[in-house]
Amino acid sequence: MAWTGKTALNSNWKFIGYFIFYIVLFLFLGQIPLSFLQDFKIFTAYAVALFWKAFSVPVVNSDIYVTFFEFPMEITLECTGLHYLIIFLAGILAYPSRSLYYKLAGIFIGTFAILFLNILRIGILGIIAHHFSSLFDFIHIYLWQGTFAFFVLLIWILWVNGKPG
């Protein structure tokens with residue numbers, strides 16, 4: 001079958017439609033008060049403390065709080081990376097022409113990569129808060145938001161361009 005511009009255009013609109021559908025679905029489910037969301041914040045705080053303690057960084061966690069060098073940080077839902085994960089998962093699920101196995105592998109590996117990147121992000125913010133407290137708000141609000149979004153997009157692009165086993 002010969003390629004036509006109309007076929008490519010229809011494929012793009014189909015992807016965009018599915019992508020928006022999955023994002024709305026995931027965000028809607030996120031509005032339901034589930035204990036999972038609280039547990040995910042607790043898990044994030046625990047994982048951050050566990051990882052950074054391995055590098056002898058003075059960090060303590062308690063429930064949804066992580067303290068680096070006596071600088072307390074509350075892990076909110078936005079701090080868990082869940083919103084970026086939702087966008088990534090929507091991109092994988094909506095993307096056409098991939099096998100179920102390849103999509104599942106992308107979901108597993110991508111989720112791990114995003115959660116790990118988030119653990120690094122929170123720890124680096126804690127260290128910055130201790131050493132360069134005047135830069136904390138700028139780095140937390142502006143620099144890391146864009147950087148994190150870029151890395152999530154990069155992970156998705158790597159998945160799209162990967163060669164399925």
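The values are calculated or read from the model by the stated rules, or taken from the named source; none is laboratory data. Note that the structure is a prediction, hence the values are computed from the model and not measured. Neighbour counts run over all protein chains shown; Cβ positions are idealised from the backbone, glycine included. Quick note on the areas: whole protein, heavy atoms, side chains included, nothing else; ligands and nucleic acids left out. Shrake-Rupley method; radii C 1.70, N 1.55, O 1.52, S 1.80 Å.
At-a-glance table
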{"quantity": "Filter pass, I128 being free of Cβ contacts under 8 Å to residues at least 40 places away in the same chain, at negative phi, in a helix (DSSP H, G or I) and crowded, with 18+ Cβ neighbours inside 10 Å", "calculated": "yes"}
{"quantity": "Pairs with Cβ under 6 Å, 6+ apart, first in the range 75-101 and in contact (Cβ under 8 Å) with a residue 40 or more places away in the chain, second open to solvent by 50 Å² or more (accessible area, probe 1.4 Å) and of a type in the set (D, E)", "calculated": "none"}
{"quantity": "Criterion violated by F151 - all others in (1) under 29 Å from W13 (Cβ atoms); (2) of a type in the set (A, V, I, L, M, F, W, C); (3) out of contact with any Leu (no Cβ under 7 Å at 6 or more places or on another chain) satisfied", "calculated": "(3)"}
{"quantity": "Looking only at the range 131-165, and only at residues there that are small (G, A, S) and under 17 Å from the mean Cα position of the chain (by Cα), the one that is farthest from F116 (Cα to Cα)", "calculated": "G146"}
